[in-house]
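The structure under discussion appears below in the form of structure tokens.
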Amino acid sequence: MKLRRRYIRNMRGNTSFYVASVVLTVAALALFFLFHIAGNAILDFADHFFEEQKVENAHFTTYVPITEQGIEELEEQYVITLEAQHFVNIDTDGTTARVFRKTEKVDLYDVTEGEDAKSADEVIISEGYADNMEISIGEEIRIGDKDYTVTGFFQRPDYLYMLENEDDSYKNISSFFLAYMTDEDFAELGETNCQYLVRYNGKEGKDAEDFRKAVNEQYHMSSYSAAEENQRILMVRQQAQMFVVMSWMLLCILPLAAVALICIVISRKVKTEQRMIGTLSALGYTTGQLALHYAGFAAAPGIIGGILTSVVTAAAAQPYGELGLTDYEPMRISCQLSWYAAFLGILVPTVMYILAALLSVRRLLKQNTVLLLNGSAGEGKHKLRRIMAGRKVSFRLKFAVRSLVGSPARSFVIFLGVFLGGFIMLTGFSVYDSMLHMVDTVQRTAGTYEYQYTLSELLYDNPYGGELMLAVPVEDEEGNTMTVIGTDSGRSLLNLTDEEGEKVSTAEGYFITSLTAYLSGWETGDTVTLYNPLSMERNRIRISGIVENDAARMIYTSRENAAAIIGTDTDAGNMIISEKRLDIPESLVRSENRKSDLSDQVDTVIDQTGYMINAMVGLGILICVSSVYVAVNMLVSENRRNIAMFRVLGYQERAIGRIIFGSNYLLLIPGILLSFPAAYAFSGLFFRSFAEMMGMLVGAYIRPSSCAVSVILTVGSYMTSLHLVKCNSYLV
């Protein structure tokens, strides 16, 4: 007798199990392939694009302009590439255009569609904004008080992640874009800002430090931002690497739902085939041969699901991988499914399923052959099957309780399906809810100002209004950048409060934000070392307390303390905050932030990642339906005799259905309730894990309305499973 002949017959007789397991396998592999393909394609593109377009190693500004001769001398002395980048920010009806003068050595732009601006009144703009606003080549766009013809779209290596300001949390492609025009048109824009772009040509150690010290001594640096700390550059590789890590996590975690099904179904199948197993044992088949035979049943979903998903994904790898470009400019990545990813996509679930099957049949196959032939192997006293005997309760309740406790494995599958379905859906909803709640918290704790202006030079007198503060960039011992804000707390618009809601006075020392405390691991009373990134001088400070701010990595202190770090006068300032918009010369403003910008950024996050949240909700529904469908099918199969008996006793079909399926309703409540704290805890862990990459510490939050929607979807998924079972059984 050849055991392999039983596989086809077995699959026909257990269609629901195989369909559900294959579907769960396909869902897991689809997410694995998405993140794996996108992550690797983005990394490959970034490596090539950064090198081709000569991405900067850093950019900086100085209070004293560096002449062309000075640039040449610095390049020769420190073997670097240095170039001045002139630009101007132009606001037009609430939209900011950052217009650059063309560079020749560093941060070169690449025209991705159309052609460069060559004539008067022509302009090329960043492609992400053009796509989002549906701007076509040949259309006119207003910048300031003049209309320009769009001749093409471009990308810059330092703006693949389109942040308007370096401390923003998310890209802006709805009210901010980049532009290039001819040198003649650019000259007509008037006074411009200037920053310097540097490439160290592979020598970023002490040579870079000496260069920074020399520039600060000769030209007095006002800011310095390394590529390793620049989110516009860093996020490209960082998020792509996160995609790759997530892909391997998903490959190992998501198939576990199918593993639970396989363990239980294979175990029950072995129990029902005891006599056949006993006969095969008597005929000379070893325990190992029989175990491998039943493991083959479990291998089928992994092989079928893996091959099916691999073939479809390989054929549609390009559009599939491009789904991972949500956060970036529309990069021309080349997507393909690697052979090792396809191989592991088939191997890992299959091995997991086989191991699950081997573990589930191992104990029973070791039973005595005589017991197997009698069909009594593994049977105990079954005390649970007589639970509530002698109790005066309704027959339906007694039947339901006995059904649940008498088949704990089947009950666990139903509970697991309900729990995982609700958990995954709630986790998706919590992304929305947590981000929106964080915006409300920041708006409440960030103070009473609305506008924040970072200036390109120090002011010793403030004729523009608002509150003048001193912002000093610093680095910790690990090289992480943060900002020391010097303010006169007696009249500050910051309205600083600690985590207990008590007001804080910066005259009393140094106060770190809650985000700084979390990312750096600092606590009140710690003495820490800070480095001035401009002069590389070291300062030691003692932390006096923690203020509530999860969206900024800052240290608040007095103007006097902040001035001491950079060695300037105590009345100097380079940042102004105000409750209303101020009329400050454009050439003096390095960046302008609005407190409400965070709300716009979060709205953009939600718009851009909506498909992923919807995918999580869909996956939750799929897991719930599949798990419950298989388990309830098992329930119907095990109760065939009871169903026949109920019919003989005159029960109607609907009444029989309520009796048989009623027990499983008891599992809905604990499954749903436990999904709430699990989703909340997982969301908190997720946001904390990626706090450094996101530049903010998002607290987990789930709105009551999201909980209600999740409950409705979970119950609906459960009812759908019951309906599918009834349609495929004789309980119609």
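Matching residues to (1) more than 30 Å from Met696 (Cα to Cα); (2) in contact (Cβ under 8 Å) with a residue 12 or more places away in the chain:
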residue: Ala120; (1), (2): yes, yes
residue: Tyr129; (1), (2): no, yes
residue: Glu140; (1), (2): yes, no
residue: Asp145; (1), (2): yes, no
residue: Phe154; (1), (2): no, yes
residue: Met162; (1), (2): no, yes
residue: Asp167; (1), (2): no, yes
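Scan the range 131-152 and give yes if some residue there is touching a Pro at 6+ places or on another chain (Cβ under 7 Å), surrounded by fewer than 18 Cβ atoms within 10 Å (Cβ to Cβ) and closer than 28 Å to Lys118 by Cβ, otherwise no.
yes
All but one of (1) crowded, with 20+ Cβ neighbours inside 10 Å; (2) modelled with pLDDT of 75 or more; (3) in a helix (DSSP H, G or I) hold for Ser627; state the number of the condition that does not hold.
For Ser627, the failing item is (2).
Pairs only if they're at least six apart or on different chains, beta carbon under 6 angstrom, first in the range 47-69 and more than 19 Å from Ala227 (Cβ to Cβ) and modelled with pLDDT under 90, second not polar (S, T, N, Q) and not in a helix (DSSP H, G or I); list them, first residue then second.
Tyr63/His220; Tyr63/Glu457; Val64/His220
When the residues of the range 341-365 are filtered to those that are loosely packed, with under 15 Cβ neighbours inside 10 Å and not hydrophobic (A, V, I, L, M, F, W, C), which remaining residue is modelled with the highest pLDDT?
Arg362
Which number in (1) surrounded by 15 or more Cβ atoms within 10 Å (Cβ to Cβ); (2) modelled with pLDDT under 85 marks the one condition that Asp210 misses?
(1)
Mind counting the residues in the range 453-493 that are free of Cβ contacts under 8 Å to residues at least 60 places away in the same chain and under 20 Å from Gly695 (Cα atoms)?
Qualifying residue count for the region: 4.
With the checklist (1) in the same structural domain as Ser587 (by TED's automatic domain parsing); (2) under 19 Å from Met696 (Cβ atoms); (3) among the aromatic types (Phe, Trp, Tyr) in hand, flag the one item Tyr451 doesn't pass.
Result: Tyr451 fails condition (2) only.
Report whether or not Thr445 is at pLDDT 80 or above and either crowded, with 18+ Cβ neighbours inside 10 Å or under 23 Å from Tyr701 (Cβ atoms) (or both).
So Thr445 does not fit the description; no.
Among residues belonging to the range 672-695 that are of a type in the set (A, V, I, L, M, F, W, C) and under 13 Å from the mean Cα position of the chain (by Cα), point out the one that is nearest to Tyr718 (Cα to Cα).
If we take residues in the range 672-695 being of a type in the set (A, V, I, L, M, F, W, C) and under 13 Å from the mean Cα position of the chain (by Cα), then Phe682 is nearest to Tyr718 (Cα to Cα).
If I filter the range 634-671 down to residues being modelled with pLDDT of 70 or more and within 39 Å of the chain's Cα centre (by Cα), which single residue comes out as nearest to Pro408 (Cα to Cα)?
Ranking the qualifying residues of the range 634-671, first place goes to Leu667.
Could you please find all residues in the range 16-68 being of a type in the set (S, T, N, Q) and closer than 25 Å to Arg590 by Cα?
Gln53, Asn57, Thr61, Thr62, Thr67
Need the failing condition index for Tyr556 against (1) crowded, with 17+ Cβ neighbours inside 10 Å; (2) within 15 Å of Pro473 (Cβ to Cβ); (3) out of contact with any helix residue (DSSP H, G or I) (no Cβ under 7 Å at 6 or more places or on another chain); (4) not acidic (Asp, Glu), just the number.
(3)
Do any strands (runs of 3 or more DSSP E) lying entirely in the range 494-557 carry at least 3 residues that are in contact (Cβ under 8 Å) with a residue 60 or more places away in the chain, and which ones are they?
The qualifying strands (runs of 3 or more DSSP E) are 554-557.
Residues checked against (1) closer than 15 Å to Ser247 by Cα; (2) surrounded by fewer than 18 Cβ atoms within 10 Å (Cβ to Cβ); (3) in the same structural domain as Ile173 (by TED's automatic domain parsing); (4) in contact (Cβ under 8 Å) with a residue 12 or more places away in the chain:
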| site | (1), (2), (3), (4) |
| --- | --- |
| Ala298 | no, no, no, yes |
| Ile304 | no, no, no, yes |
| Ile307 | no, yes, no, yes |
| Val312 | no, yes, no, no |
| Leu323 | yes, yes, no, yes |
| Met331 | no, no, no, yes |
| Trp339 | no, yes, no, no |
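Has the range 204-216 got any residue that is within 32 Å of the chain's Cα centre (by Cα) and not assigned by TED's automatic domain parsing to the domain that holds Ile584?
Taking every residue of the range 204-216 in turn, at least one turns out to be within 32 Å of the chain's Cα centre (by Cα) and not assigned by TED's automatic domain parsing to the domain that holds Ile584.
The values are calculated or read from the model by the stated rules, or taken from the named source; none is laboratory data. It should be emphasised that the depicted structure is a prediction, and the values quoted were computed from it without experimental measurement. Positions of Cβ are backbone-derived with ideal geometry, glycine not excepted, and every protein chain shown enters the neighbour counts.
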